[in-house]
Amino acid sequence: MGSILIIDDSMIQQRIIKKLLQGRYDILMSESGVEGIKLAKEMQPDLILLDYDMPILSGKETFQRLQKQEETKDIPVIFLTGLDKREDVEAVLRLRPRGYLLKPVEQDKLLNTIKSVLA
């Protein structure tokens, strides 16, 4: 069973995603980018689900820091966001994450995206 780190400032979103993935993956959770980066370095998850719109350290900044660190640069990241305007989507895609999903995420879409990225 692989491990997935959820980095999202919303505890509600973390619980929803954890419930969707429970029994399929080991789940790690973090409420902030700073804590998430630390956890990613320590635990080396197989995948990170990262909220794009977070206070203090945004998803974009968190992603960029993960990419710069030797210990975390190869961990695939899928962005989760509620932002659906074209310019927001383009900003996310310019970062070149391994995936991008709109919230609220459907279980089948989430599972299929994770399987595709981890394959």
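The values are calculated or read from the model by the stated rules, or taken from the named source; none is laboratory data. If you're wondering where the values come from, they're calculated on a predicted model, not measured in any experiment. Virtual Cβ from ideal backbone geometry, glycine too; neighbours counted across all protein chains shown. Just so you know, the surface numbers come from the protein's heavy atoms only, side chains and all, with ligands and any DNA or RNA stripped out. Shrake-Rupley method; radii C 1.70, N 1.55, O 1.52, S 1.80 Å.
Observations on the model:
- Normalised per residue, the accessible area of the chain is 58 Å², obtained with a 1.4 Å probe and no contribution from ligands, DNA or RNA.
- Loop-located trypsin sites (Lys or Arg not before Pro) in segment 1-51, at most 13 other Cβ atoms within 10 Å (DSSP): Arg24
- Counted residue by residue at 0.36 nm each, then reduced by the alpha carbon distance between them, the extension gain from Glu31 to Leu101 reaches 23.3 nm.
- Normalised per residue, the volume of the convex hull around the Cα set of the chain (Å³): 94 Å³
- Here the accessible area of the chain is 47 percent carbon and sulfur, with a 1.4 angstrom probe and all protein chains present.
- Over the residues of the chain, the helix contribution to mean residue ellipticity at 222 nm works out to -13500 deg cm²/dmol, using -39500 (n - 2.57) for each DSSP H run of at least 4.
- Cβ-derived FRET efficiency at R0 22 Å, Lys73 paired with Arg94, nearest 0.05: 0.80
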